[in-house]
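> Dumping the structure here so I can ask a few things about it.
The values are calculated or read from the model by the stated rules, or taken from the named source; none is laboratory data. These figures come from a predicted structure and were not determined experimentally. Cβ atoms come from the backbone with ideal geometry, glycine included; neighbour counts cover every protein chain shown. Side chains are part of the model used for accessible areas, which takes the heavy atoms of the whole protein and leaves out ligands, DNA and RNA. Shrake-Rupley method; radii C 1.70, N 1.55, O 1.52, S 1.80 Å.
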Amino acid sequence: MKKIFALLMACTLSLSLFACSGSGNSNNNGENTGSGKNGVKKYSVASGSVGGNFYLIGGGVATAINGHAPDKFMFTSETTGGSTANLTMLQNSDAELGIAMTSSLSEAAEGKADWTNGKPLDNLRSALALYPSWLTIYTLDSSGIKSLSDLNGKIVGLGSKGMAMDSVFRQFLESRGITPKQIHNDGHSATASALDNGVIDAAILFSYPPFAAISELESTKALCFVPLSEEEQAALVDTYSFYKADDMPGGSYKAAPEDIRSVSEWNMLASSSSVSADDVYLMVKTLCENQDDMIAVHSSCSYMTAENTLNSNIPLHAGTVRYLKEVGIEVPNELIPPEYTE
């Protein structure tokens, strides 16, 4: 069965390379405007760049829903720039599902970040929790960098420009009096290569460990993983509500046999209030009841549960609220969207 699912997964990922804007969009009444043959709705999930977890899990979501609800949906997985691109697509009804970190969801709700054009993205809703990511600060062991303050005067990789992590850590480093010589912006895999090639001195990212690019680098180079101090950890959690004090699990990498003091945040499967409650209810129910299929795609999906969805920092989708209540989960008032009805 797993081999069959893996084959279906490969097919979905191949299709995603060709999926650009063929999404079946929904209007404000939640009515699908892209229904295909026999009423099957053509939908899309906005994932991430090729090779990353978002891309892999986005393809898995599409395959799982297609496989278990073939008479309802035909999903494709779209390659994107990640969280902020995905949320913009959802706000504009250019996709029905999308993966995003809680830091980006927070920026979307506030509407102050550059990528939001100064306006809150008020159509966004959380559909389902996917998995947590841990802050990971790593460098070559030979660099001599052992603490956050050692990044002063160094070239630091902060992932792709415009990501929430990029803006957050530019601000956080400045607040600590840490002035890097240069901020290097590129995808996380390319950033690992830049460290390998001596282009940068250290890298910062949020990931579910082990992150493939780091493990690959560690196969040829001795690495050092930089922990936060207790005070730095507390400052991050106090300043940014989407972070939680949480050690990166020991044994994730050869150079990190013990837990590393860090912070974590959640990666959520998001949707839009313009997608009908009936549709999102069925999507969430399908994914939760077939979690093993998603775990076969990536082990991080062991965290993909109805209960963990309460870690959302924006309101849940009305369809998600319906499913959570159906399975006996009490939903806090602040997570119930205004459009939800019993």
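> Please enumerate the residues belonging to region 81-100 that are at negative phi and either open to solvent by less than 20 Å² (accessible area, probe 1.4 Å) or touching a Pro at 6+ places or on another chain (Cβ under 9 Å) (or both).
83, 86, 87, 90, 95, 96, 97, 98, 99, 100
> Could you tell me whether region 46-58 includes any residue that is touching a Lys or Arg at 6+ places or on another chain (Cβ under 7 Å), hydrophobic (A, V, I, L, M, F, W, C) and surrounded by fewer than 24 Cβ atoms within 10 Å (Cβ to Cβ)?
No, because not a single residue in region 46-58 is touching a Lys or Arg at 6+ places or on another chain (Cβ under 7 Å), hydrophobic (A, V, I, L, M, F, W, C) and surrounded by fewer than 24 Cβ atoms within 10 Å (Cβ to Cβ).
> Go through region 89-123 and count every residue that is touching a Gly at 6+ places or on another chain (Cβ under 9 Å) and not in a loop (DSSP other than H, G, I, E, B).
Within region 89-123, residues that are touching a Gly at 6+ places or on another chain (Cβ under 9 Å) and not in a loop (DSSP other than H, G, I, E, B) number 10.
> Looking only at region 265-290, which residues are open to solvent by 30 Å² or more (accessible area, probe 1.4 Å), more than 30 Å from residue 237 (Cα to Cα) and either out of contact with any helix residue (DSSP H, G or I) (no Cβ under 7 Å at 6 or more places or on another chain) or not in a helix (DSSP H, G or I) (or both)?
282, 289, 290
> Take residue 212 and decide whether it is buried (at least 23 other Cβ atoms within 10 Å of the Cβ), hydrophobic (A, V, I, L, M, F, W, C) and touching a residue at least 24 places away in the same chain (Cβ under 8 Å).
Spelling it out, it is not the case that residue 212 is buried (at least 23 other Cβ atoms within 10 Å of the Cβ), hydrophobic (A, V, I, L, M, F, W, C) and touching a residue at least 24 places away in the same chain (Cβ under 8 Å).
> I'd like the full set of residues that are open to solvent by 40 Å² or more (accessible area, probe 1.4 Å) and within 23 Å of residue 108 (Cβ to Cβ), limited to region 323-339.
332, 333, 334, 336, 338, 339
> Another question, if that's okay. Report yes if some residue within region 168-179 is under 18 Å from the mean Cα position of the chain (by Cα), open to solvent by less than 70 Å² (accessible area, probe 1.4 Å) and within 25 Å of residue 249 (Cβ to Cβ); otherwise report no.
Looking through region 168-179, at least one residue is under 18 Å from the mean Cα position of the chain (by Cα), open to solvent by less than 70 Å² (accessible area, probe 1.4 Å) and within 25 Å of residue 249 (Cβ to Cβ).
> Of all residues in region 316-337, which are more than 10 Å from residue 280 (Cα to Cα), touching a Pro at 6+ places or on another chain (Cβ under 6 Å) and assigned to a helix (DSSP H, G or I)?
335
> Residue 66 versus (1) of a type outside the set (Val, Ile, Thr); (2) over 19 Å from residue 300 (Cα atoms); (3) crowded, with 24+ Cβ neighbours inside 10 Å; (4) modelled with pLDDT of 95 or more: which is the lone unmet condition?
(3)
> Still on this structure, please answer the following. Could you please let me know if residue 342 is closer than 23 Å to residue 61 by Cα and open to solvent by 40 Å² or more (accessible area, probe 1.4 Å)?
No.
> Which of the numbered conditions does residue 305 fail, given that it passes all the others? Conditions: (1) more than 30 Å from residue 201 (Cα to Cα); (2) part of a helix (DSSP H, G or I).
With (1) more than 30 Å from residue 201 (Cα to Cα); (2) part of a helix (DSSP H, G or I) applied to residue 305, the lone miss is (2).
> Oh, and also: Can you report the number of residues in region 236-264 which are assigned to a loop (DSSP other than H, G, I, E, B), surrounded by 15 or more Cβ atoms within 10 Å (Cβ to Cβ) and among the basic types (Lys, Arg)?
1
> Next question, about the same structure. Working only within region 133-167, note down all residues that are in a loop (DSSP other than H, G, I, E, B) and open to solvent by 60 Å² or more (accessible area, probe 1.4 Å).
146, 152, 154, 161
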